[in-house]
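In what follows, a structure is listed as structure tokens, so that the remarks can point back to it.
Read the figures in this text as sums done on the coordinates, not as results from a lab. All values reported here derive from a predicted model rather than from experimental measurement. Please note: Cβ atoms are built from the backbone with ideal geometry, for glycine as well, and neighbour counts cover all protein chains shown.
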Amino acid sequence: MKYKTDVVVIGGGAAGMAAAYRAKKEGVDVILLERDEDTGGVLNQCIHNGFGLQYFKKDLTGPEFKEYAKERLEDIEILFGTYVLEVRNDRTIIFVDRRGIHEIETKALVMATGARERHFNSLPVPGKRITGVFTAGLAQRFINLENLKPGSKAVILGSGDIGLIMARRLTLEGIKVEAVLEIMPYPGGLERNVQQCLKDFGIPLYLSHTVTAIEGDRRLEKVIAAQVDYKWDPIPGTEKEFEVDTLITSVGLIPQTKPVDFVETDPGFLVSNTNQTSEDWIFAAGNCTVIFDLVDYVAKEGEKAGKYAAMYAKGEYKKGKKVKVRKGENIGVIHPIYIDPTQESTLYIRVSKVFDRANIKVLPLDVEVIEDEARPPEMIVVKLKPFDENIDEIEVMADELISKLG
Amino acid sequence: MIFLIAVIGGGIVGTLIARELNKYVEDVWLFEAKTNFGMGVTKSNSAILHGGYDDPPGSLRAQLCYKGNQLYTQLQKELNFDLKRVGSHVVAIEDEETKYIYELVKKAEKNGVKEVRVVEKLELLEMEKNINPKAKRSLFCEIAGIFDPWIVAMQAAKSVRINGGRTLIKKRLVEVEKKNGKFLLRFQDKSEYFADLVINAAGLFADDVAKLFGDEVPEIFPVKGEYFLLSKDFQYVNSTIFPVPTGISKGCLVLPTVDGGFLVGPNANRVLSKYDTATTREGLNEIREKGTKLVPNLNFRRHLVKTFAGLRPETEKKDFHIDVGKSGAIHVSGIRSPGLTAAPAIAKYVVEYLIQEKIGMNLYKRENYIPEIEKTPHLIHIDRNEWNDIIQKDPDAGEMICHCNKVTKKEIIDAIKNGARTLDDIKFMTRASFGECQGGFCTAKILKILAEYTGRDPREINQNEDGSWIVNAKVRI
Ligand SMILES: Cc1cc2nc3c(=O)[nH]c(=O)nc-3n(C[C@H](O)[C@H](O)[C@H](O)COP(=O)(O)OP(=O)(O)OC[C@H]3O[C@@H](n4cnc5c(N)ncnc54)[C@H](O)[C@@H]3O)c2cc1C
Ligand SMILES: Cc1cc2nc3c(=O)[nH]c(=O)nc-3n(C[C@H](O)[C@H](O)[C@H](O)COP(=O)(O)OP(=O)(O)OC[C@H]3O[C@@H](n4cnc5c(N)ncnc54)[C@H](O)[C@@H]3O)c2cc1C
């Protein structure tokens with residue numbers, strides 16, 4: 001079949017739903033493509049609360065957040081079970097579903113394809129390839145969607161929010177969690193999740209620890225962990241053995257940019273504050289650009305991408321001027337990396353070390369933000385007003401604020 | 001009296017021997033210990049169709065490798081598998097290595113391999129933009145190729161089934177008795193079969209199996225080779241890149257795989273156990289370093305999909321040992337590299353030379369033999385209109401299950417119809433869950449389809465061998 005529209009959104013997670021909603025609100029035709037049978041993306045797997053506090057001003061579970069976002073999509077054409085085969089630079093999109101192979105002619109595109117989980121196999125931990133090693137997402141899919149248990153006793157590798165929440169979830173489902181291991185010297189997830197998911201259940205968290213080997217004949221029988229030094233090399237003599245049949249890994253998300261392969265990526269789509277990529281008609285938002293820790297940010301970014309894509313389709317927004325945003329001292333992640341200075345912008349920043357009180361500066365703009373207990377796992381948000389178009393680079397940096405009194 | 005031939009071992013060698021025999025004799029029975037064909041040494045290796053230029057002149061390897069390479073053209077048409085003759089370079093980087101290139105030219109000549117030429121620096125760097133810019137020159141062999149060897153084994157086994165032979169899995173030979181001029185074969189599952197002629201093609205275990213017949217073949221010891229598999233995301237090389245070899249193996253290579261990924265490896269370390277396929281920290285460091293010498297911009301952090309190791313069935317003589325034992329059984333042993341390449345020639349050597357000439361058995365070609373078999377095409381690679389037509393008849397052909405390697409539900413169901421029962425069967429038959437996410441996304445879906453189409457509970461489904469379970473209970477009853 002052949003379709004024609006103004007804006008196509010690929011991916012119906014939090015970012016894609018918000019983009020489709022907002023683009024439609026701008027008065028253009030929208031088609032949303034989702035490869036699954038439902039929208040929501042990772043939200044469907046997160047049946048704990050803590051979603052939407054900023055965006056919907058409510059404390060929701062993942063699926064509840066999805067329902068709220070979905071309500072706003074009533075008059076939007078959503079095609080489920082669609083897999084995008086090709087995005088062509090002549091603005092056609094080819095996709096396949098159970099009805100056949102189809103083509104869409106569009107004016108603008110929003111990529112909202114989310115991220116995939118890094119697999120344990122790519123770490124690379126020496127050993128045999130045996131069963132019993134699951135990514136958190138796969139384990140959640142088995143438990144939540146298929147009503148199946150992936151094992152009886154587990155170790156979790158990775159203490160990001162996903163890992164922490166898995167520890168609680170497995171415990172509640174009767175799978176004994178022997179330990180959570182984290183290679184960094186601090187937990188990767190929110191403090192409140194460490195308390196509610198581990199401490200409340202008496203699950204030990206081993207910081208500066210990683211898996212050095214897995215053993216077993218056919219199914220996993222033993223996980224061997226050790227403490228690591230500052231180079232992440234295991235320290236001999238610190239090995240610990242856990243007799244478990246399951247290892248759940250949550251060791252990072254990798255933005256998915258396929259099948260678009262002709263725009264700038266590293267590894268996610270590199271976008272500007274208007275969510276425009278290096279191709280003016282393609283916009284991107286959410287975890288396919290950079291990994292966000294809060295769905296609220298993702299939804300806001302999605303809305304923004306939808307808005308600018310619709311404006312682009314109407315001819316009201318063209319290729320914006322791009323000011324480069326440079327990562328200065330003590331900054332681990334900065335997003336976006338380009339700014340169209342005629343528009344407002346929101347910077348998402350991860351510091352690269354733990355601070356008591358961080359002073360975050362945006363140079364040469366006169367912007368300073370003070371953040372107490374800044375840690376790499378939690379994104380810091382800095383808003384910028386439009387600024388002088390003659391500036392061709394800005395730099396973001398962080399340093400420890402020394403109290404003037406002490 | 002029914003005349004029955006048994007082949008022990010369903011690797012690439014055993015399956016191709018069974019198929020070759022099946023062209024003459026209907027009752028060929030293939031016995032494999034594992035849960036599918038090609039899951040032994042045939043599964044974990046470099047998967048290169050070698051040019052045959054560097055085997056020691058006069059060895060059985062040299063005799064069979066080049067011939068095998070040539071036989072692959074026909075074999076590929078009949079068994080319908082992907083084979084890309086991307087060529088191979090042996091690259092000299094250091095000054096002292098360049099003279100080896102000319103030694104290779106002479107060796108190639110002795111082995112009768114005409115399809116090689118010396119490529120000088122400028123052209124070499126033009127052909128392979130990412131290799132070490134210090135490279136001086138290479139020996140290029142245009143007939144070298146890449147393929148998935150286990151697919152050849154599975155397709156050959158299927159071809160045997162279609163032509164009236166039998167192929168059995170989970171049959172580990174444990175005892176042999178000679179009775180009334182026949183061999184009585186006893187398997188681990190307590191089943192027994194009589195055979196008039198037996199061919200032992202048990203790979204790493206061919207020496208152990210020979211002993212069951214009371215025969216002696218050169219002892220086989222395992223030599224481990226470790227690898228990194230990198231994703232399709234960056235085109236590192238176009239052809240197989242060999243270094244100038246040192247000592248026991250062809251060295252650590254960088255090469256494309258037939259489905260678009262890249263392999264870096266192998267090293268070569270003798271190990272004690274024939275079951276030790278674990279990768280090691282030292283080994284991975286070694287190949288990372290050696291690979292980077294050939295292709296300096298290898299990015300393991302970003303592109304690593306997985307690591308794995310295979311075991312070479314090595315002997316002191318480093319040559320194939322293929323002969324009739326005292327018991328009358330034929331032993332195909334010591335099949336180390338280039339065993340994949342030589343396999344079709346080994347099959348002919350066994351059937352045309354050993355059985356017909358040396359044993360003197362008269363065999364006649366069957367008239368009803370069908371050499372060609374079909375294979376469900378990988379839909380992503382066929383013409384879009386044709387694919388669309390297939391979806392109109394079968395909507396499952398439009399449902400994408402594995403997103404990394406783009407495998408549809410139809411392809412998975414077809415694999416099940418062709419005998420797939422485990423997750424590895426699906427993985428190795430269709431490539432689903434073989435990509436970057438390593439099944440993180442599609443494993444749950446595949447398990448569900450397998451359960452549904454084989455009428456089993458998901459808890460009964462294994463990754464491969466019995467005991468390699470995936471899920472063990474229901475969350476809520
Ligand atoms: C376990 C977990 C716990 C979390 N906890 C919290 C929390 O407590 N609070 C909070 O605020 N945030 C939390 N987050 C973060 C937040 O939920 C995510 O960052 C956000 O939902 C990501 O949305 P997305 O739209 O970018 O990506 P996704 O949700 O991944 O959506 C991408 C969508 O695109 C579809 N898609 C991908 N490729 C294609 C294609 N080629 N064709 C068609 N469709 C495609 C996918 O099916 C999917 O529906 C958590 C995340 C996880 C994983
Ligand atoms: C690291 C490495 C790299 C290599 N690279 C290449 C290359 O690039 N090109 C090339 O041409 N060659 C290469 N080779 C060599 C090639 O892989 C082997 O020569 C070839 O796979 C041997 O096939 P096979 O059928 O003899 O053995 P296998 O595949 O091991 O088959 C033997 C089968 O017998 C079964 N079996 C064992 N015992 C019994 C029993 N008692 N009863 C029943 N069944 C039994 C096993 O389960 C197995 O499936 C490489 C090898 C290695 C290890």
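If the viscosity is 1.567 mPa s and the temperature 4 °C, what Stokes-Einstein diffusion coefficient in µm²/s follows for chain B when Rh is the Kirkwood radius over Cα pairs? Before the final figure, lay out the partial values.
Values: Rh = 23.3 Å.
Rounded, D is 56 µm²/s.
What's the center-to-center distance, using Cα atoms, between segment B:10-66 and segment A:269-345 in Å?
When both Cα centres are located, 55 Å separates them.
When chain A is modelled as a GNM with alpha-carbon springs shorter than 10 Å, which of A:ALA18, A:ALA284, A:ALA226 fluctuates the most?
Largest GNM mean-square fluctuation: A:ALA226.
If I model a spin label as a point 7 Å beyond the Cα along the Cα-Cβ vector, how far apart are those points for B:LYS178 and A:LYS314 in nm?
9.3
Say a paramagnetic label sat at a point 7 Å from the Cα of A:GLN195, along Cα to Cβ; which residues of segment A:36-74 have their backbone N under 15 Å from it?
A:50
Per DSSP H run of at least 4 residues, take -39500 (n - 2.57); add these up for chain A, divide by its residues and hand me the 222 nm value, nearest 500 deg cm²/dmol. Provide the component values of the computation, followed by the final result.
Numbers: 5 runs with 59 residues, N = 406.
Roughly -4500 deg cm²/dmol at 222 nm, from the helical runs in chain A.
Run lengths n ≥ 4 of DSSP H only: what is the helix-derived mean residue ellipticity at 222 nm for chain B, with -39500 (n - 2.57) per run over all residues, to the nearest 500? All intermediate terms of the calculation are to be shown ahead of the outcome.
Working: 13 runs with 139 residues, N = 477.
The helix-only estimate for chain B comes to -8500 deg cm²/dmol at 222 nm.
Could you give the longest part of chain A that holds none of the GluC sites (Glu not before Pro) found in DSSP loops with at most 10 neighbouring Cβ atoms within 10 Å?
Values: sites that count: A:GLU37, A:GLU74, A:GLU316.
Of all site-free stretches, the longest is A:75-315.
Where the centroid of each part is defined by its Cα atoms, how far is segment A:216-236 from segment B:362-377 in Å?
51
Report the dimensions of segment A:239-312 along its three principal axes from the alpha-carbon atoms, largest first, rounded to Å.
57, 28, 18
If the convex hull of the alpha-carbon atoms of segment A:321-406 is projected onto planes in all directions, what is the mean projected area in square nanometres? If you can, show how the numbers build up before the last one.
Working: hull surface 21.3 nm².
Average of the hull's projected areas for segment A:321-406 equals 5.3 nm².
Taking beta carbons within 10 Å but only from partner chains, what does the mean come to for residues A:77-83? Walk me through the numbers before you get to the answer.
Numbers: counts 0, 0, 0, 0, 4, 2, 7.
What the average comes to for A:77-83 is 2.
Relative to the compact globular guide of 2.2 N^0.38 Å, what is the alpha carbon radius of gyration of the protein assembly as shown, as a ratio?
Details: Rg = 29.6 Å, N = 883, 2.2 N^0.38 = 29.0 Å.
Cα Rg divided by the expected 2.2 N^0.38 Å: 1.02.
With a cut-off of at most 10 other beta carbons within 10 Å, and DSSP calling the residue loop, which trypsin sites (Lys or Arg not before Pro) in segment A:264-340 qualify? Please list them. It would help to have the intermediate numbers written out before the result.
Values: sites: A:LYS300, A:LYS304, A:LYS307, A:LYS314, A:LYS318, A:LYS319, A:LYS321, A:LYS322, A:LYS324, A:ARG326, A:LYS327; in loops: A:LYS318, A:LYS319, A:LYS321, A:LYS322.
Listed in order of number, the matching sites are A:LYS318.
Name the residue from A:VAL367, A:GLY216, A:VAL194 whose Cα lies farthest towards the positive end of the charge dipole of chain A, charges +1 on Cβ of Lys and Arg and -1 on Cβ of Asp and Glu.
A:GLY216
Which values, in whole Å and largest first, are the semi-axes of the equivalent ellipsoid of chain A obtained as the square root of 5 times each eigenvalue of the Cα gyration tensor? Walk me through the intermediate numbers first.
On the way: eigenvalues 264, 162, 67 Å².
Semi-axis lengths for chain A are 36, 28, 18 Å.
Treating the beta-carbon of each Lys and Arg as +1 and of each Asp and Glu as -1, no other charges, what is the dipole magnitude of chain B about its Cα centre, to the nearest 20 debye? All intermediate terms of the calculation are to be shown ahead of the outcome.
Values: 69 positive and 63 negative charges, 112 e Å.
The dipole of chain B has a size of about 540 debye.
Which of the pairs B:LYS170/B:LYS427; A:LYS149/B:LYS170; B:LYS136/B:LYS290; A:LYS57/A:LYS300; A:LYS258/A:LYS324; A:LYS66/A:LYS319 have their Cα atoms more than 23 Å apart in this structure?
Details: B:LYS170/B:LYS427 19 Å; A:LYS149/B:LYS170 27 Å; B:LYS136/B:LYS290 17 Å; A:LYS57/A:LYS300 13 Å; A:LYS258/A:LYS324 25 Å; A:LYS66/A:LYS319 32 Å.
Beyond 23 Å between Cα atoms: A:LYS149/B:LYS170; A:LYS258/A:LYS324; A:LYS66/A:LYS319.
Please give the average number of partner chain Cβ atoms lying within 10 Å of the Cβ of each residue in A:113-126, rounded to a whole number. Mind showing how you got there, number by number?
Values: counts 0, 0, 0, 7, 4, 5, 9, 3, 11, 15, 3, 12, 4, 11.
Per residue, the number of nearby Cβ atoms from other chains is 6 on average.
Under the Kirkwood approximation for Rh and a Cα-based Rg, what ratio Rg/Rh is obtained for segment A:251-384?
Details: Rg = 14.9 Å, Rh = 15.4 Å.
Over the Cα atoms of segment A:251-384, Rg/Rh equals 0.97.
Loop only per DSSP, at most 12 neighbouring Cβ atoms within 10 Å: give me the trypsin sites (Lys or Arg not before Pro) in segment A:1-48, ordered by residue number. List each step's numbers first, then the result.
On the way: sites: A:LYS2, A:LYS4, A:ARG22, A:LYS24, A:LYS25, A:ARG35; in loops: A:ARG35.
Passing both the DSSP loop test and the Cβ count: no residue.
Test of understanding: extend the Cα→C-beta vector of B:HIS378 to 7 Å, then name every residue of segment B:324-341 with backbone N under 20 Å from that spot.
B:341
Find the Cα radius of gyration of segment A:119-251, compare it with 2.2 N^0.38 Å by division, and give the number to two decimals.
Details: Rg = 13.7 Å, N = 133, 2.2 N^0.38 = 14.1 Å.
With N residues counted in segment A:119-251, Rg over 2.2 N^0.38 Å equals 0.97.
Can you give the Rg to Rh ratio for segment B:379-460, taking only C-alpha atoms and Rh from Kirkwood? List each step's numbers first, then the result.
Working: Rg = 12.4 Å, Rh = 12.8 Å.
Taking Rg over the Kirkwood Rh, I get 0.97.
Can you give me the angle between helix A:14-25 and the longest principal axis of chain A, using Cα atoms only, in degrees from 0 to 90, rounded to the nearest 10?
20
Determine which lysines satisfy two conditions relative to B:LYS326: a Cα distance under 17 Å, and not lying fewer than 8 residues away in the same chain.
B:LYS178, B:LYS179, B:LYS182, B:LYS211, B:LYS358
Starting from segment B:43-101, pick out the GluC sites (Glu not before Pro) whose DSSP state is loop and whose Cβ has at most 15 other Cβ atoms within 10 Å.
Working: sites: B:GLU78, B:GLU94, B:GLU96, B:GLU97; in loops: B:GLU94.
Hits after loop and neighbour filter: B:GLU94.
What angle do you read, to the nearest 10 degrees and between 0 and 90, between the alpha-carbon axis of helix A:62-71 and the longest principal axis of chain A?
For helix A:62-71, the angle is close to 10 degrees.
Of the beta bridges DSSP finds with both residues in the protein assembly as shown, what % are antiparallel, to the nearest 5? The partial results should precede the final answer.
Working: 104 of 159 bridges.
Percentage antiparallel, nearest 5: 65.
Let me know the mean shielding of B:395-408 by other chains, meaning the per-residue number of their Cβ atoms within 10 Å of its Cβ.
On the way: counts 5, 1, 3, 11, 6, 10, 1, 0, 6, 2, 0, 5, 0, 3.
Per residue, the average neighbour count from other chains is 4.
Taking every pair of distinct Cα atoms and averaging 1/r, then inverting, what Kirkwood hydrodynamic radius in Å comes out for segment B:324-477? Could you put the intermediate results ahead of the total?
Details: mean 1/r = 0.0524 Å⁻¹.
About 19.1 Å for segment B:324-477.
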